[in-house]
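Data first, discussion second: the structure below is written as structure tokens.
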Amino acid sequence: MWLLALGVVAAVTVGAMLILHRYAEMVATIGGFFVALAALSLTAYEVFGRSDAPPSPADLADDFALRLREQWLDEAEARGLRGPEVLALSWTTTEQNISDTLPASGTRRPRVIRMRLNGRPEGRFEDATTQLAEGYARVPNRRLVVVGEPGSGKTVLALLLTVGLLNERADGGPVPVLLPVSSWDPAKEDLEPWLIRTTAEPYYNGRQDILRRLLREGLLVPVLDGLDEMPDSARRMAMDRLSRIRAERPVVVTCRAAEYEELIRDGAPTLKDATVVRVLPVAPDDVITYLRDVNWPAGTDWSEVFTHLRAAPESPLSLALSTPLMVSSARLVYQRGGGNPTDLMDPRLNSRYAVENHLMKAMVAAAYAPDASLPEADRPPERWTAEQADRWLAFLARYLHERDERDLAWWHLSDRYLTRWTGPVTGLVLGAVLALAVVLWETLTMRGDDRASPSDTFLVAVIIGVCFALVCSIAWFASTEAPPGRLTWSVRASAGRLTQGFRTGTGVAALLVTPVLGIVLTGIMIEGESSRGLEGLETFAEAGGIAVAAVMTVGLAFAVHKWLDAPPLNAAEVSPALLLAQDRRSSIVSAGVAGALVAVIGVPAMALGLFAGGLVVRVMTNWAGWPAQADIGMLFHEAWSDSGESEDSWRVVGLAVLLPAVFFALLLLMSRAWPRFQMVRVRLAIRGELPWRLMAFLADARRREILRQAGGVYQFRHIRLQQTLAGAQADCGQEGRESSGARRRIVLGVAVGALAAGFAGSAWRYRDTSKSQFTDRHKRTVKAVRFLPDGGEVAFLLDGGVVGVWSGAEGDRKWTALRKAASSDYSLSALAVVGGGDILVTQAMRGGKPADGVMEAFRLDSGTQDHEPEIILGHSDRGTFDHLAVDTERGYMAANYLATGVVVLAADDKGMPSFRRVRELGVPESEQQSYYCSGMDFADNGDLAVLVGDRLFHYTQADLAPPRTEASDLEFPESVDPAHSFRTRVSDPKLKLDYTDFGNSVAISPVNGVLALFGPLGTEFRLRSGTSWGTAASTLPAMRTGCFHPRAPMIAVAEYHGDGRTPAYSSDEEYTSGVVRVYWVDRWAKLTLHRTLHGHGAPVVTMDFSEDGSRLVTGDTDGTIRIWDM
């Protein structure tokens, strides 16, 4: 196939030379290039495409085991587990019912296995790990759960077991993989995919097929450490996932005893066929033996502590020193920092937790203290002080605590501490640098007439800088949480990597180039001249050719970048510092090589794009335009010249070669983990939260036994230490900050001044403009306010049954109580002034339940306060009345009861004005479900409008006329149906609203008949069309209530939300507004804002105009009443 392609290229080249004899030399050059390219591709395929036979699973397992053994032996050395000063450790099969029932087997379950890791009596470290591995071999099905108290040595036991299994494994045998399980989210990922992914990232550069193959062959033994360190919500699901592992697959899990017992007690499934063992507390004699062998500094005497441990084994100190964590912590604190161990017997340390907390808090200071065992003159200088280390480690502990993690991975720091603006800002800075470089290059390389105008140079530079900033931002956000990479030069399976990289590159480039091409072509069309005729056709074709060439160039660069990121065949050595160095090398080399490739092929690709676009136009137009004849050589020469390649100048070298290379290399760098880590490291170091040499500091903290290493990440030596440091208030430090203090004070002063100015402006804007005010000191909701006919006094109704009259005069706070609150369970719901102002009508409730529909009247001229009202309507079993509407001219009053019932009453003369029932208004049954009557009002012609849910019902004056046969007070009158009904958009019955925080939802203008409807979903203004209000002419956002002016086309409305938006219903008053707005409303219901009234701090639920319209009274839910001059 390749030979056939090579022959076709050669034949085409020879034919072109014969036809285009005038350009034979150029054709030969181009043809020779393609022949050489084809030959090179053939050679590359033969070399790179050839794949050796894959190694067997046994070979892969042996290679992986070798790397793991080296890593964990190094970690055991760093933790001091291979030295002579190692604490004895015991474990035993638990007696509690937290393990699964094992099947009958000839293998006996081990009862007690005693392991002494200090060589007593077993001897060397290797012997102890061997015995631990042999003990595990006796466990049925090799499924083991290790539980113990915090700090009891579960993690150490898991590490030693892993080392022992690695030492004792036969060639081709299973490989134990020790992993901290805290990073596993069982809700998102099953155990096996997480195990493969987590192991593949550090050891195989993300290549998962090798580990998947080993797992499939049963050659991986998961050793999952720290089940208790998972979030509570994930721990139960993790146990459920673990219980589903096939019974023949070995697994080891460690967990705190209390957490594991709680899981099983709460019904979580157990690990099938698993033996559960408990790590025993360290005996006092073992503690004494361990501490006695330590080389203590002068003045450190443990004899009193040893005596106490023997005499009081149940004391707080003895219990605290019963775990390897606390014993080793005590050794570190007093061996490194010196001091008197009898401090641990201080009476103030009266609990085990107090002793442990004391040791945890002293660990960092002791670890970074000068070596007390050396003479002062021989002590080496410390690189970091204890105060600095404590502050930095506390910062890292809080970082892990906030993310609920244990693994300190350097490549994750950027995701937490670089803001979302870091990418765009970095793009802008680098774009500005590129723009400046373009200007300088243009200025230095161009001379005389060849130099472009400064404005053109600046415009080109700005375009380049902006384009880089945009593309850099996209690359930044598209590559979040990028893991570290590794540079590999393997030629194995290169064809697949090159193909994958090319596809990725062309896809990304197409996404970026396509909108740019669209903008360019749109600009060409808008410009007009160059988009017409043949010239326009050629311009479009050449632009498309350049776009395709750019996509292909980026695809080739990505292919090379991907080729340099080959998945390794063998497991690699893993450490945080090594991962950082590998990613740094990989980032620089791969970005540099890809950029160099862009520099080499960029200009030729552009020339080929121009040539292809021109050739397509010529072929489609039968070679119209220039050149007039079918001269491919001339067309290519023209394209080559237009690309700038024919110009032998430094300008082309800079703008067409170096600039694209740097542009692309920087973009690739922004997508890698190492540059992001450098940015976050510098940012945190400037703020004093971490040291400048962070990786060196972390490695040193590991050497000082504050941190431990787990593969490619660091962890605190124990979760208890992490929690202690995370809870401590890190010393902010003052050294080196004196100079910033003045700047901070200046910035703070400016900020406070600006805040004060803004606050003053807002306060002036929302100042109270009301004329007079009244406030209930008990902050009872104002249920209703009404002006009395004289236009001065105001009758009001407060929550709790209070009825009063206020003079309304400015500065007057006194009021007349027609009735004070009768009792705490007595409340009133509505108010109306009738009978020429002589009678005040209210409606009653008691204990939150209807009070037999009682209407009560107060005689305003009685001259007494707190007198009993006269009942003008009562003994109804239809419940309380919630809304009232009065037609003073005709002597009618409409009252709403229960949810949707409405009764119409007419005034009569019985010495004292009273009412009798004359009509019952019917609401269709289909409209009654989940509906609520929210308001009603009479029109000037006597018609009545009632809003029930989202339906408006219109009853004509004729419908309300009293029937010929009157009903008694105890009988309900004849029911009439509405003349018209309309659906509105101010409410929705599905909201199931409680209208207690709304006022009357219906108002009709007495001037022009416009009807206003208020609700939580908006406000409608309807025109009177013919005999009804069928047309919604204008709208406003949601309003609580409103009231029309009696003599002018004006309405006052109470806002529902302060921002003027139409909300989904919410009764949270902190989101509500006390603003009242006044609009002009013309006969076509067109609204014009007249005034905005500020003053209320709570939602306004009731309002009323005086009879002459000169004043407006409003009441809110905080018991405040205000009067405004209109």
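So the values come out like this:
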| quantity | calculated |
| --- | --- |
| Theoretical gain in end-to-end length, Thr419 to Asp790 [0.36 nm per residue, Cα-Cα removed] | 127.1 nm |
| Protection proxy ranking of 467-474, 155-162 - average other beta-carbon atoms within 10 Å, highest first | 155-162, 467-474 |
| Residue exposure sequence - Asp346, Asp371 - by fewest surrounding Cβ within 10 Å | Asp346, Asp371 |
| Too-long pairs where the Cα-Cα distance tops 30 Å, listed order kept, from Lys779/Lys1086; Lys188/Lys361; Lys188/Lys562; Lys814/Lys1086 | Lys779/Lys1086; Lys188/Lys361; Lys814/Lys1086 |
| Burial ordering of Leu349, Leu60, fewest other beta-carbon atoms within 10 Å first | Leu349, Leu60 |
| Stretchable slack from Asp940 to Asp190, in nm (0.36 nm times residue separation minus alpha-carbon distance) | 262.7 nm |
| Order of Met620, Met237 under a 10 Å beta carbon neighbour criterion, fewest first | Met620, Met237 |
| Amide H partners (placed H, <5 Å) of Val253, local residues excluded | Leu144, Val145, Val146, Leu224 |
| Stretch gain in nm, segment Ser807-Ala754, where the contour uses 0.36 nm per residue and the Cα spacing is subtracted | 14.8 nm |
| Estimated FRET transfer efficiency (Ala283, Thr775; beta-carbon r; R0 56 Å; 0.05) | 0.15 |
| Where labels lie 7 Å past Cα in the beta-carbon direction, separation of Ala311 and Arg216 in nm | 6.8 nm |
| FRET efficiency, 1/(1 + (r/R0)^6) with R0 25 Å, evaluated for Leu1089 and Arg767 via beta carbons | 0.85 |
| Simple spin-label estimate for Asp977 and Trp384 in nanometres, 7 Å along Cα-Cβ | 8.5 nm |
| Packing-based order for 574-585, 808-819, using average beta carbon neighbours within 10 Å, highest first | 574-585, 808-819 |
| Distance (nanometres) between label positions extended 7 Å along Cα→Cβ at Arg985 and Glu134 | 8.6 nm |
| Sorted peptide list for 1025-1032, 999-1006, 656-663, criterion being average Cβ within 10 angstrom, highest first | 999-1006, 656-663, 1025-1032 |
| Calculated FRET efficiency for the pair Leu444/Leu66, C-beta based, R₀ 60 Å, to 0.05 | 0.60 |
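No lab work stands behind these numbers, since they all come straight from the coordinates. Just so we're clear, the structure is a prediction, and the values are computed from it rather than from any experiment. Because the Cβ atoms are built from the backbone with ideal geometry, glycine has one as well, and the counts that use them run over all protein chains shown.
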